[in-house]
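Where a number appears in this text, it was derived from the coordinates with a stated rule and is not lab data. These numbers come from a predicted model, not from an experiment. Cβ: placed from backbone, ideal geometry, glycine included. Neighbour counts: every protein chain shown.
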Protein chains: 2
Amino acid sequence: MLIERLSARDFNALTELYRSTLLASVLPFWQKYSLDHEYGGYFTCLDQQGQVYDTDKFIWLQNRQVWTFAMLYNRLEQRSDWLAVARHGVDFLVQHGRDPAGNWYFSLDRQGRPLVQPYNIFSDCFAAMAFSQYAQASGDSRAKDIALQAYDNVLRRQDNPKGQYNKAYPGTRPMKSLAVPMILANLTLEMDWLLTSERLDAVLDQTVHSVMGEFLEPETGLVYEHIAPNGSPLDCFEGRLLNPGHGIEAMWFMMDIGQRRQDTALINRAIDTTLATLERGWDPEYGGIFYFLDRKGHPPQQLEWNQKLWWVHLETLVALLLAYRLTQREDCWQWYCTVHNYAWSRFNDPEHGEWFGYLNRQGDVLLSLKGGKWKGCFHVPRALYLGWQHCQAMA
Amino acid sequence: MLIERLSARDFNALTELYRSTLLASVLPFWQKYSLDHEYGGYFTCLDQQGQVYDTDKFIWLQNRQVWTFAMLYNRLEQRSDWLAVARHGVDFLVQHGRDPAGNWYFSLDRQGRPLVQPYNIFSDCFAAMAFSQYAQASGDSRAKDIALQAYDNVLRRQDNPKGQYNKAYPGTRPMKSLAVPMILANLTLEMDWLLTSERLDAVLDQTVHSVMGEFLEPETGLVYEHIAPNGSPLDCFEGRLLNPGHGIEAMWFMMDIGQRRQDTALINRAIDTTLATLERGWDPEYGGIFYFLDRKGHPPQQLEWNQKLWWVHLETLVALLLAYRLTQREDCWQWYCTVHNYAWSRFNDPEHGEWFGYLNRQGDVLLSLKGGKWKGCFHVPRALYLGWQHCQAMA
């Protein structure tokens, strides 16, 4: 469904689009093709038709699929088949996901044997989110303990997320990453039912201060990926890197916190930042949002810099719908229409279900997979669910 | 200069093309723009016009530039300006390149402070090549010691090249990489003047056995990047990976060894493998050689899989010229013409010097840089030098 005229704000039709795509196309795709009935857990390497082309199990994606089905059970409808899909992943992850010290591996083979060590904290982050939602859905107290343990791992390791696998020489060019406060913001909101309000407020204050006060550059309104510990920008590849989708995703987390705290100033700054990032990140020639840019216009080191990725566009749709819902700003609606028409016409695959993940700069499908090492059951259903809720509220 | 007719084998013109591009375009580019006269060493992050856009110093590329200028001094002409360029890098590297245990860092900042730890053995590999050539050129016995120390590092670390930074969980899915025997083959030939003939022969036997007997799959004639320790193929992302440029580069190393040993069977197998890899790696739609493929046709995990890279095409030109020089096989000449016309018309930049590095699938320039984190003064001058020599021998 394309939006043909800016003036046609048909939120009933948009609600139906998001709802039906989630319920009739995306969730059935993962329910039908991803469950490994022999060894447990999920296959995520699925081709356009849903056929498995690789059986390795990546912990980020295992946990994210648990989260998705448990979250929908908690927030949308208590469907026993959704809870069963979540439990299918939980059972596998409880048995195989962690090393003896309780850190979450990066990947396992099909049978659950560890393949790649716990070299970053994002596996733990998504485990905390997954087990928190599953504990709520199932009432399983063991799941709650696992969620809290994973959350503590994230907090404990946040200053050196890669641990022994960190290849940076200590002291020469220390830097911190946007990813850390960003996931802490989102994760802490997810865990709110398990945290004291003091702890919750303290972490949210810290993340808002860090994202909006340190990573956001006031002159340009752009969000940096890496800065010096004192907040100053760095003139090196990592320091010049812009990841527009990541910055915009961080901004809807900020709008979420602003809405929760009735902080209009925070909401407005987050929206301004979203739009500034879009102005900079939009490809004027072929449309779509670039994956990576260099803030000084130099060549980025990422060869995939000009590709158009599914999650970048979905997170932007969520940010713009939330922005418009909160403020009715005309510029948010105009940008929404532009990104909507680009994304829905290219990524969505009504024939076989789910969305394509990777387009080339021109907007043609680059890899026809529906899932892989980094794409699973997460960004598409989360964005469709949130888009549905935002549109319904405006309908 | 394009080859318009297959029958026109004008090796005088080709000799002149390779010679003049090397001497009048490529070497002057690096001599003019890359030397850091303030802190020593080389800038490698140079834009299309040669302007510096980043000042970090990557050890692979620092050593490779030393190698290039010292090698040309040794083999082509004893020009004092070439030796001075090599010495400029050597002085910086001797002072800053190694950790206290003698392992070579991955990168330094402009002043020479370590940025990234010695997390792989390729820095040591290129250090051994660079200091070996420089020791020959300069007669500096300290350089010879450094070369031998680096060579010993490579041999000592070859079974666990990443050391403590290896993220693979031990035992679940052990694999070995083509890169290790490949660099050992090339490096050992480079170091022949420093090694006993027994050691030389033993290492060469080992690398030929490994590349041609283990990584080369007899049924398909393709070279794998990663195999199990017992030589069997692996059905996982790394195991299915094909890197056509890497495989073809390995094949001209094998032809080199075959020529040295007058081993016609080895030469013929290396040529057959080169052609089988080209048949598989050539893009039937837009021309050029793909960067990565999955041998089962599944989506590769590398998003840059369909890009066309300078070194892939240059190593292929070298392989095909050497193959034709050794055998006069018609299929080698036909493929040479195809790759020549593709590569020379797109990568070479006669206006500003040097070659572009990265084209998109369609063959348009993707990044206009002449040097970066991975592209320095190495593949272009080496291939132009070798192409010149091969063409001259056939002229």
Under 5 Å, built H, 5+ apart or other chain: amide partners of A:Cys377:
A:Gln65
Label spacing, shortest first and in nm, from B:Asp81 to its equivalents in the remaining copies (7 angstrom along Cα→Cβ)
7.5
Starting from a label point 7 Å past Cα on the Cβ side, list the distances from A:Gly297 to the same position in the other copies, nm, shortest first.
4.5
Taking the Cβ of each residue in A:Trp282, B:Trp252, B:Trp193 as the centre, tally the other Cβ atoms inside 10 Å and list the residues starting with the fewest.
B:Trp193, A:Trp282, B:Trp252
Most fluctuating residue of A:Ile59, A:Ile146, A:Ile248 in a GNM of chain A with Cα springs under 10 Å: which is it?
A:Ile146
Dimensionless Rg/Rh of chain B, both radii on Cα and Rh by Kirkwood, sits at 0.94
Using modelled amide H (1.01 Å from N, peptide plane; none on Pro or chain starts), what sits under 5 Å from the amide H of A:Gly371, excluding residues fewer than 5 places away?
A:Leu46
Phi-derived 3J(HN,Hα) across the range B:99-115 with the Karplus relation (6.51, -1.76, 1.60, θ = phi - 60°), rounded Hz, x for Gly and Pro, is 7, x, 8, x, 7, 8, 4, 7, 8, 10, 7, 4, 6, x, 6, x, 10
Suppose R0 equals 45 Å; then what is the FRET efficiency for B:Val94 and B:Ser368 from their Cβ-Cβ distance, rounded to the nearest 0.05?
0.85
What 222 nm value per residue comes from the helices of chain B, counting each DSSP H run with n ≥ 4 as -39,500 (n - 2.57) and dividing by all residues, nearest 500 deg cm²/dmol?
-16500 deg cm²/dmol
Loop-located trypsin sites (Lys or Arg not before Pro) in the range B:1-110 whose Cβ has at most 12 other Cβ within 10 Å (DSSP):
B:Arg5
Mean other chain Cβ within 10 Å across A:18-29 is 0
Exposure proxy order (Cβ contacts within 10 Å, fewest to most) of A:Glu219, B:Glu214, A:Glu249
A:Glu219, B:Glu214, A:Glu249
Going through the DSSP H helices of chain A, which span 15 Å or more along their own axis at the Cα atoms while scoring at least 1.0 as a mean Kyte-Doolittle hydropathy?
A:179-190, A:310-327
Under the 7 Å Cα-to-Cβ spin-label approximation, A:Arg79 and A:Ala8 lie apart by a distance in nanometres of 2.9
Within a 10 angstrom radius of the beta carbon, how do B:Leu317, A:Leu83 rank from fewest other beta carbons to most?
A:Leu83, B:Leu317
At the level of C-alpha centres, the distance separating the range B:106-159 and the range B:8-59, in angstrom, is 22
Would you mind telling me which residue in B:Leu278, B:Leu155, B:Leu93 has the biggest mean-square fluctuation in a Gaussian network model of chain B, where springs connect alpha carbons within a distance under 10 angstrom?
B:Leu155
Find the centroid of the Cα atoms in the range A:283-345 and in the range B:336-388, then give the distance between the two in whole Å.
32
Using the alpha-carbon centroid of each, what span in Å lies between the range A:71-89 and the range B:183-228?
54
Got the A:Asn341 label distances to the other copies yet, label 7 Å along Cα→Cβ, in nm, shortest first?
4.2
